[in-house]
Amino acid sequence: MGIFGDLFGKKDKPRPDFSNVRSGGSSTAPTPSVGGPETSAPSMTTGRTYVVVSGDSLSKIAKRQYGDAQKWPKIYEANRDIIKDPDLIYPGQELRIPEA
Amino acid sequence: MRMHRYTRVPVSLLLAVAPFGCSAPKPAAQTGVKVTQIDVGRSIAADKTIAEKTDSFRPADTFYVSVKTDGSGPSATLTARWTYQDGQVVDESGQNIAPTGGATVTEFHLSKPDGWPAGGYKVEVLLNGASAGTREFKVT
């Protein structure tokens, strides 16, 4: 395999590392009601929300949101009402992301 | 007599179609929310629209995508999926919104403290899991 790569001058290019990417967002639209009294306040200043997608883990989300995977307990603590087991999160779950 | 015929036909049609409409798995159709505009740029204004549109970024830039939606619904999920030219998913994040009518704007942004690798990028916006549009841009 490697021989063929060398023969054809195709050296393995290192894949770019996107592990320290930071993402965020906000909206002018209200967030869906989750039973609290505040239903129309934008989520921008009160912390973000994040919708779990396939392949996510709390540490992955912490890495993206805070740049540090070790901060996953912060997200876990803020979402104890919906996360029973920190190793089990599901696509579609909406997590609160507290300020770093 | 005619009245009966006219009323029976639509009812039977509704009965035939109802199971498909009710069991449709995509909530997008039920919420009445639709994506009307997607813009990419390097900064946003206070109303979350793109202040500086571009499809050519520098490594130190922050990518912004602004998604305009119209309509209302109790819950809709907007997702931005960013990918690099090699197919690698750079990031995917979502926001749940509950627009009450009229136009709303949702922004997603992405930064990389040590700079973006040069190359082509793509951001795909999904509404309730269904693609609503794609924008391509590059970093030079």
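The values are calculated or read from the model by the stated rules, or taken from the named source; none is laboratory data. Computed from a prediction, not measured in an experiment: that's the story for all the values here. Counting neighbours? That spans all protein chains shown, and the Cβs are built from the backbone with ideal geometry, glycine included.
Would you confirm whether or not segment A:28-50 contains a residue that is outside any loop (DSSP other than H, G, I, E, B), at pLDDT 85 or above and under 27 Å from B:Tyr84 (Cβ atoms)? No. Among residues of segment B:47-72 that are within 13 Å of chain A (Cβ to nearest Cβ) and farther than 10 Å from B:Glu107 by Cβ, those with a Cβ under 6 angstrom from a residue that is of a type in the set (Lys, Arg) and assigned to a strand (DSSP E or B), sequence gap 6+ or separate chain, pair up as B:Asp70/B:Lys34; B:Gly71/B:Lys34.
If you go through segment A:12-27 and keep only what is more than 7 Å from chain B (Cβ to nearest Cβ) and modelled with pLDDT of 85 or more, you end up with just A:Asp17.
Residues are listed down the side, and each one gets a yes or a no for (1) among the small types (Gly, Ala, Ser); (2) in contact with a Lys or Arg (Cβ under 6 Å, 6 or more places away or on another chain); (3) at pLDDT 80 or above:
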| site | (1), (2), (3) |
| --- | --- |
| A:Ala62 | yes, yes, yes |
| A:Gln70 | no, no, yes |
| A:Pro73 | no, no, yes |
| A:Ala78 | yes, yes, yes |
| A:Ile83 | no, no, yes |
| A:Leu88 | no, no, yes |
| A:Glu94 | no, no, yes |
| A:Glu99 | no, no, no |
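Residue count for segment B:63-78, restricted to those that are of a type in the set (S, T, N, Q) and either part of a loop (DSSP other than H, G, I, E, B) or modelled with pLDDT under 90 (or both): 1. Restricting attention to segment A:59-92, report how many residues are assigned to a loop (DSSP other than H, G, I, E, B) and surrounded by 15 or more Cβ atoms within 10 Å (Cβ to Cβ). Within segment A:59-92, residues that are assigned to a loop (DSSP other than H, G, I, E, B) and surrounded by 15 or more Cβ atoms within 10 Å (Cβ to Cβ) number 5.
In segment B:27-36, is there at least one residue being surrounded by fewer than 10 Cβ atoms within 10 Å (Cβ to Cβ) and modelled with pLDDT of 50 or more?
Taking segment B:27-36 and keeping what is surrounded by fewer than 10 Cβ atoms within 10 Å (Cβ to Cβ), we get none.
No, the conditions are met nowhere in segment B:27-36.
Per-residue answers, yes or no, for (1) of a type in the set (Lys, Arg); (2) within 8 Å of another protein chain (Cβ to nearest Cβ); (3) over 22 Å from A:Asn20 (Cα atoms):
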{"site": "B:Asp86", "(1), (2), (3)": "no, yes, no"}
{"site": "B:Pro117", "(1), (2), (3)": "no, yes, no"}
{"site": "B:Val125", "(1), (2), (3)": "no, no, no"}
{"site": "B:Thr134", "(1), (2), (3)": "no, no, yes"}
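Could you tell me whether B:Lys48 is of a type in the set (D, E, K, R), closer than 28 Å to A:Pro30 by Cα and assigned to a strand (DSSP E or B)? Taking the combined requirement at face value, the residue does not satisfy it.
Taking B:Gly101 as the residue in question, decide whether it is within 11 Å of chain A (Cβ to nearest Cβ), part of a strand (DSSP E or B), over 21 Å from A:Ser54 (Cα atoms) and in contact (Cβ under 8 Å) with a residue 12 or more places away in the chain. For B:Gly101, the condition - within 11 Å of chain A (Cβ to nearest Cβ), part of a strand (DSSP E or B), over 21 Å from A:Ser54 (Cα atoms) and in contact (Cβ under 8 Å) with a residue 12 or more places away in the chain - is met.
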